Amino acid sequence: MTAEKIMTITAADYGKMVNAAAAKLTANAENINKLNVFPVPDGDTGTNMAMSMASGAQYERDSQAETVGALAKATSKGLLMGARGNSGVILSQIFRGMSDSLADKATLSARDLADALMMAAQVAYKSVMKPTEGTILTVIREAAAAADEAASAGQDLPTMMETVAQTAQVALDKTPDLLPVLKEVGVVDSGGQGLVLVLSAFSDVLSGTISEENLQTPDNAELDQMVSKLHAGAQANESLRPEDIKYGYCTEIMVEIGKGTTVEKPFDYQTFYDYIADKGDSLLVINDDEVVKVHVHTEDPGAIIHWGGEFGSLEKVKVDNMRDQQQAVIDEQAAQDKLNQAEQAEQKPAPDVAVFAVAAGDGVAKLFDSLGVYQVITGGQTMNPSTADFVEAINQSKAKSAIILPNNSNIFLAADQAKEMVDVPVEVVKSRTIQQGLTAMLGYNPAASVTENQEAMTEQLATVVSGQVTQSVRDTTLNGREIKKGDWLGMIDGEIQVVGPKLVETAKEMLAKMVDEDSEIVTIITGKDAKKKDIKALTEAVEEIDEDLECEVHDGGQGLYPFLISVE
């Protein structure tokens, strides 16, 4: 059931707008993720924006405020604390700008909302050191300009917001013309797409075309489950990720043969078996003259149950969602890891300068620990920590100052936000890879000040060349190079330099491009799926390139990337 058009935005109306935006982002998170330019397993813009917006919506719902201005402030705070990835941080800045503009407003007119969107665009641009057109920034700027023009022309709220949403879509459609890489790959900007969904949700609420069920935002548990599902590959064996389970329902039935009112067929074992075998795997069918028992993993438990009923009376029916069961295991482990980190932090003495590094993989965490990192925050590719994650870790440490090693460029803005949210000095060393983060630690001196450490550690970043080997998740064309799903990709300092069908050959070719006459040390960090024979072949390749090169191998345990290689 739809509502009437809204001509003045009240606090209740603003809450509906925020929650509709959160719900729409959550529903479309996976589609946004697929807009990732690079065909590597780190397309999580949709997840980051959905989680960030959901945090804002949760703060809005928890607020007891009765004015739009106060609710806007609560929403902004929630987005800031929940911001994940650069897209989530920029979205938080858009709502921060709106909050600043709406601070003293009890209700909103079209002019008020237009002013808020104009302020949102200004704050968003200022939040990025080097604003790039063809991104979410372009979409908010053009949408805000359209709002300003519409309000000046006297359009009412529903009409104005419809104009804004349409303008945002046009701006999004033009992003490939502003960023050549988007045109080459054939996608629009993912962050811009997320913002279009937010603005279209606003328009739906104001025009009264949205139903009440579409205003409901998933609760925190559901959202945690969503992000864990998308990110489980960074912590668990890929074969155990919920999304990798082909047949998700463990189905068991027991049929009393020939009994009951649903019987349509005489029992024939082969006929009975063949139908179910076509519906799944892990099949077990046993019977005697009276009863047949079935165990099968399937996507259609209803079909199995109906089929059994055609041969007799159903005496037992049991269906378990194996994806949910596997997710529960992953969630439990993640919760335990977080508890362990908190307990370890309490046991450690409060340092003068604590270093917090973002990484995935037990072996990688141990490497950082051995170099003096105070705490490893689990995350990285496909699993960006939020601003709140950094704030919590720093506050729990009771350190006098802190340094953050993001080890991923998509975490920079969230780390920068954390600096503003704590009461102690914090510096961010802009490490883009695990290898850079490890090298940066060579410049760490616990006796030096946080500023001196930041400078020394940043200088170290330029001394290492970082290589990553991963597998393409889709077909695409990038920089004139055709890439097929399943191809192995060799990336040097973030750019795809090698594409090949075989893991070891791709890694060797990448390594050869990384080494020059000044190179001295090659470090290979192996992922959890790296095979011993492949590791041996790669170490032998180092010696073949230059027998004077020193080669170190460490078990990192990271997912998605069987080899992380550094050359110094």
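Values in this text are rule-based calculations from the coordinates and carry no lab data. No experiment lies behind these values; they were computed from the predicted model shown. Quick reminder, even Gly has a Cβ in these numbers, built from the backbone with ideal geometry, and neighbours come from all protein chains shown.
Using a simple charge model, +1 on the beta-carbon of Lys and Arg, -1 on the beta-carbon of Asp and Glu, nothing else, what dipole does the range 466-568 show about its Cα centre, in debye to the nearest 20?
That gives the range 466-568 a dipole magnitude of about 1020 debye.
Between Ala106 and Lys34, what's the calculated FRET efficiency when r is the beta-carbon distance and R0 is 51 Å? Round to 0.05.
My answer for the efficiency is 0.80.
At 0.36 nm per residue, and after removing the present C-alpha to C-alpha distance, how many nm does the segment from Asp352 to Ala277 gain when stretched out fully?
That works out to 20.7 nm of additional length.
Between their Cα atoms, which of Lys183/Lys528; Lys485/Lys536; Lys77/Lys246; Lys265/Lys316 are more than 30 Å away from each other? Numbers along the way, then the final one.
Details: Lys183/Lys528 35 Å; Lys485/Lys536 26 Å; Lys77/Lys246 40 Å; Lys265/Lys316 19 Å.
Long pairs (Cα-Cα over 30 Å): Lys183/Lys528; Lys77/Lys246.
Along the charge dipole of the range 129-168, which of Ala151, Gln166, Met129 sits closest to the positive end, that is, farthest toward it, with unit charges on the beta carbon of Lys, Arg, Asp and Glu (+1, +1, -1, -1)?
Met129
Taking the mean number of other Cβ atoms within 10 Å as a proxy for protection, how do you rank 197-204, 147-154 from highest to lowest?
Working: 197-204: 25.0, 147-154: 17.4.
Final packing ranking: 197-204, 147-154.
Note down the nm distance, to one decimal, between modelled labels 7 Å out along Cα→Cβ at Lys502 and at Lys318.
4.8 nm
Please list the radius of gyration and Dmax for the range 462-559, considering alpha-carbon atoms only, with Å as the unit.
13.5, 39
How far apart, in nm, are two points set 7 Å out from the Cα along the Cα-to-Cβ line at Asp516 and at Phe267?
Placing both labels 7 Å along Cα→Cβ, they lie 7.6 nm apart.
How much space per residue, in cubic angstrom, does the convex hull of the C-alpha atoms of the range 243-324 take up?
Details: hull volume 6.0 nm³, N = 82.
Given the Cα convex hull of the range 243-324, per-residue volume reads 73 Å³.
Starting at 0 and stepping by 20 Å, how many percent of the alpha carbon pairs of the chain end up in each bin?
Result, from short to long distances: 19, 45, 29, 7, 0 percent.
Show log10 I(q)/I(0) for the range 11-218 at q = 0.08 Å⁻¹, two decimals, from a solvent-free Debye sum over equal Cα scatterers.
-0.23
How are the alpha carbon pair distances in the range 454-495 distributed across 10 Å bins from zero to the largest one, expressed in percent?
Calculated over all Cα pairs of the range 454-495, the distribution is 24, 39, 19, 16, 1 percent.
Would you mind telling me the antiparallel percentage of the DSSP bridges in the chain, rounded to 5?
Roughly 75 percent of the beta bridges in the chain run antiparallel, per DSSP.
Stretch Thr451-Ala335 to full length: gain in nm at 0.36 nm per residue minus the Cα-Cα span?
The Thr451-Ala335 span can extend by a further 38.4 nm.
For the range 120-182 and the range 267-284, what is the separation of their C-alpha centers, rounded to whole Å?
A separation of 56 Å, based on Cα centres.
By average Cβ neighbour count within 10 Å, what is the ranking of 353-361, 119-127 from highest down?
Values: 353-361: 26.6, 119-127: 19.9.
For the peptides 353-361, 119-127, the packing ranking is 353-361, 119-127.
Subtracting the Cα-Cα distance from 0.36 nm times the residue separation, let me have the gained length for Val424 to Asp300 in nm, one decimal.
39.1 nm
Which cross-chain or sequence-distant (5 or more) residues have an amide H under 5 Å from the amide H of Val498, H modelled 1.01 Å from N in plane?
When sequence neighbours closer than 5 places are left aside, the close amide H contacts are Gly490.
Quick one: the Cα spread of the range 348-461 along its three principal axes, in angstroms, biggest first?
31, 27, 25
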